[in-house]
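For reference, the structure is listed below as structure tokens.
The values are calculated or read from the model by the stated rules, or taken from the named source; none is laboratory data. Bear in mind the structure is a predicted one, so any value in this text is a computation, not a measurement. Here Cβ is always computed from backbone atoms with ideal geometry, including for glycine, and neighbour counts include all displayed protein chains. Ligands, DNA and RNA are stripped out before the accessible areas are found, and what is left, the full protein with its side chains, is counted by its heavy atoms. Shrake-Rupley method; radii C 1.70, N 1.55, O 1.52, S 1.80 Å.
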Amino acid sequence: MQKTLAEIAKLVNGKLQGQYDENLIITGATGIDLAGPNEVTFAVDPHLEEAISCNAAAVIIQEDVEGFNKTSIKVKNPRAAFNILLNIFKPELKIEHKISDRAHLGNNVQIGKNVTIMDFAYIDDNAQIGDDVIIYPNVYIGQYAKVGNNTELHAGVSVREFCVVGKNVIIHDNTVIGADGFGFITRDGKHTKVPQVGNVIIEDDVEIGCNVSIDRATTSSTVIGKGTKMDNLIHIGHNCVLGENCLVVAQTGLAGSTIVGHNVTFAGQVGSKGHIKVGSNSVMAARTGLIADVPENSVYAGFPARSHQEWLRIKASEARLPDMVKKLKLLERRLKALEEKND
């Protein structure tokens with residue numbers, strides 16, 4: 001893929017500034033440190049000074065930046081503009097849109113138009129596959145499961161029986177949708193399995209990373225809301241409900257029946273107990289441990305979780321603990337000396 005510098009500016013709805021050749025051929029978009037003379041990059045504070053001295057043909061910057069002494073493309077949102085270019089210049093994969101003879105199709109399977117099913121995929125009885133779906137090797141689609149239009153299931157993904165995956169969903173390698181929830185009754189020291197008869201519903205426009213486990217509900221449904229994006233190595237317990245447009249970062253684990261509102265962010269290694277509610281528009285900092293409900297519009301950190309500001313104050317105090325212990329011991333010695341003197 002090649003574009004002229006003028007074409008690049010037009011694609012991102014930007015305005016060229018500085019000394020430039022609008023016919024210069026651009027062959028890619030990359031980071032500031034890696035960009036060469038035929039590539040473009042982007043910069044926002046605090047990286048503007050760094051970008052001035054980089055080797056890129058042009059730097060995408062915000063339209064209100066002044067005094068930028070290098071060829072630039074001014075736009076409203078540099079990150080969004082750069083994202084457009086990454087999509088344009090990304091390597092194209094060659095995918096043969098056919099159903100492999102080495103894939104297994106069970107009885108009464110419904111398959112839409114323009115579907116790709118690669119070698120050794122296993123589509124079980126009564127499954128439904130929508131239009132323009134891509135199913136990579138070694139994917140398993142269980143009985144009565146449904147996969148919506150324009151969805152991609154990468155190698156090793158399992159969508160278990162009765163689970164539903166919406167439209168425009170991407171699920172990366174080795175993720176399991178709909179394994180049994182962790183439910184047991186313990187009597188006399190023995191654990192008896194509670195049947196997990198619900199399912200998982202993945203709504204439209206969701207992306208799920210590698211090695212994620214989303215458990216089916218005991219009854220009803222575990223739900224991942226529309227537009228939610230999930231990183232690798234995440235566990236979602238049975239009967240959890242995540243709202244729309246949430247962000248869930250790696251190694252987060254939510255125990256069963258956690259109810260999450262819309263636009264909630266879980267940073268890395270967040271954990272929750274079960275049967276709590278997390279309000280919409282909230283942010284959980286890395287390694288936050290949730291043991292109680294979280295109000296809407298909150299920013300929480302620490303274990304047990306508390307407001308981020310309170311957590312910062314506690315951490316600042318912890319740094320002074322050694323000095324405080326020394327002072328306390330000194331005061332104890334002085335008090336003891338005074339008591340002995342009075343005696």
Return yes or no: is Ala103 open to solvent by less than 30 Å² (accessible area, probe 1.4 Å), under 30 Å from Gly31 (Cα atoms) and aliphatic (A, V, I, L, M)? no
Among the residues of segment 267-298, which ones are closer than 18 Å to Thr222 by Cα and surrounded by 19 or more Cβ atoms within 10 Å (Cβ to Cβ)? Gly271, Ser272, Val278
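Among residues belonging to segment 133-159 that are polar (S, T, N, Q) and not in a strand (DSSP E or B), point out the one that is nearest to Ile170 (Cα to Cα). First the steps, then the outcome.
Start the filter on segment 133-159 by keeping residues that are polar (S, T, N, Q), which leaves 138, 143, 149-151, 158.
Subset that is not in a strand (DSSP E or B): 138, 143, 149-151.
Details: Asn138: 16, Gln143: 20, Asn149: 11, Asn150: 9, Thr151: 6 Å.
Once the filter is applied, the top-ranked residue is Thr151.
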Every pair of residues 6+ apart whose Cβ atoms lie under 8 Å, when the first sits in segment 300-319 and is under 12 Å from Ala285 (Cα atoms) while the second is hydroxyl-bearing (Ser, Thr, Tyr) and open to solvent by 60 Å² or more (accessible area, probe 1.4 Å): none
Matching residues, segment 232-257, being free of Cβ contacts under 8 Å to residues at least 24 places away in the same chain and over 19 Å from Asp204 (Cβ atoms): His235, Gln251, Thr252, Gly253, Leu254, Ala255, Ser257
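At least 2 residues that are under 19 Å from Val133 (Cβ atoms) in each: list the strands (runs of 3 or more DSSP E) lying fully within segment 161-247 that qualify.
Working: elements: 176-179, 184-187, 190-193, 199-202, 213-215, 221-224.
Per the criteria, 176-179, 199-202.
If you check Leu153, Leu93, Leu85, which single one turns out to be at negative phi, open to solvent by 50 Å² or more (accessible area, probe 1.4 Å) and aliphatic (A, V, I, L, M)?
Leu93
Going by the structure shown, is Ile111 surrounded by 13 or more Cβ atoms within 10 Å (Cβ to Cβ) and under 30 Å from Gly130 (Cβ atoms)? Before you say what the answer is, go through the steps one by one.
Numbers: surrounded by 13 or more Cβ atoms within 10 Å (Cβ to Cβ): yes; under 30 Å from Gly130 (Cβ atoms): yes.
Yes.
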Given the conditions (1) of a type outside the set (A, V, I, L, M); (2) open to solvent by 90 Å² or more (accessible area, probe 1.4 Å); (3) on the phi > 0 side of the Ramachandran plot, and given that Lys329 satisfies all but one, which numbered condition is not satisfied? (3)
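From the list Glu339, Glu296, Glu332, which residue is out of contact with any helix residue (DSSP H, G or I) (no Cβ under 8 Å at 6 or more places or on another chain), at pLDDT 90 or above, of a type in the set (Asp, Glu) and not in a loop (DSSP other than H, G, I, E, B)?
Numbers: Glu339 fails: at pLDDT 90 or above; Glu296 fails: not in a loop (DSSP other than H, G, I, E, B).
One residue alone meets the criteria, Glu332.
Taking Tyr122, is it out of contact with any Asp or Glu (no Cβ under 6 Å at 6 or more places or on another chain), open to solvent by 40 Å² or more (accessible area, probe 1.4 Å) and touching a residue at least 40 places away in the same chain (Cβ under 8 Å)? Please lay out each step first, then the result.
Numbers: out of contact with any Asp or Glu (no Cβ under 6 Å at 6 or more places or on another chain): yes; open to solvent by 40 Å² or more (accessible area, probe 1.4 Å): yes; touching a residue at least 40 places away in the same chain (Cβ under 8 Å): no.
Considered against the rule, which asks whether it is out of contact with any Asp or Glu (no Cβ under 6 Å at 6 or more places or on another chain), open to solvent by 40 Å² or more (accessible area, probe 1.4 Å) and touching a residue at least 40 places away in the same chain (Cβ under 8 Å), Tyr122 comes out as no.
Scan segment 81-112 residue by residue and report those that are small (Gly, Ala, Ser) and touching a residue at least 40 places away in the same chain (Cβ under 8 Å).
Passing the criteria: only Ala81.
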I'd like the full set of residues that are surrounded by 12 or more Cβ atoms within 10 Å (Cβ to Cβ) and touching a residue at least 40 places away in the same chain (Cβ under 8 Å), limited to segment 17-35. Gln17, Gly18, Tyr20, Thr27, Gly28, Ala29
Could you pull out the residue among Val59, Val75 that is buried (at least 18 other Cβ atoms within 10 Å of the Cβ), β-branched (Val, Ile, Thr) and free of Cβ contacts under 8 Å to residues at least 60 places away in the same chain? Val59
